[in-house]
């Protein structure tokens with residue numbers, strides 16, 4: 001089915017006309033950080049590559065791999081073709097991936113630090129439990145050792161009594177003879 005209705009011409013945005021702005025510029029980093037990159041591309045005519053964006057791309061040059069004609073692409077977005085827009089969108093995607101990976105790394109470090117603190121607390125509790133267990137075993141061994149010593153002393157004492165009884169009875173028997 002073919003539409004016979006004529007589409008309404010929208011024109012420029014009201015806020016731009018009110019400020020007499022028909023040519024909009026934005027920082028490249030703002031484009032990278034935007035929630036909807038495609039909408040951002042339609043609203044602006046030029047991306048300004050500031051020092052922050054330049055430093056970031058140099059720092060992460062191996063991952064980002066910006067095209068050599070990035071300056072020309074950002075100069076006038078209205079004349080960019082499909083290839084240039086795909087390069088810009090790819091750069092934005094790589095930027096967001098790097099930022100997410102940095103955030104995940106920081107989060108992992110925080111989790112690791114928290115886990116180490118918990119393990120230290122658990123280790124401290126385990127250390128106290130182990131020390132208590134050692135003390136209890138030592139006391140038990142000491143009790144057993146003392147009980148054995150008393151038993152041996154009691155046996156010796158019984159043996160001495162028997163020997164003395166035997167000696168006295170033999171002496172008495174010898175006297176009778």
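Just to be sure, is residue 128 more than 37 Å from the chain's Cα centre (by Cα) and either assigned to a helix (DSSP H, G or I) or within 30 Å of residue 27 (Cβ to Cβ) (or both)? No. A single entry from 69, 50, 36, 27 fulfils the requirement of being within 22 Å of residue 97 (Cβ to Cβ), more than 28 Å from the chain's Cα centre (by Cα) and loosely packed, with under 12 Cβ neighbours inside 10 Å: 36.
Per the conditions (1) free of Cβ contacts under 8 Å to residues at least 12 places away in the same chain; (2) touching a helix residue (DSSP H, G or I) at 6+ places or on another chain (Cβ under 7 Å), the sole criterion not satisfied by residue 132 is (2).
For segment 24-33, the criterion of being modelled with pLDDT under 85, in contact with a helix residue (DSSP H, G or I) (Cβ under 9 Å, 6 or more places away or on another chain) and part of a loop (DSSP other than H, G, I, E, B) is met by at least one residue.
The values are calculated or read from the model by the stated rules, or taken from the named source; none is laboratory data. As the structure is a prediction and not an experimental result, all values here were calculated from the model. In this analysis, Cβ positions are derived from the backbone assuming ideal geometry, glycine residues included, and neighbour counts consider all displayed protein chains.
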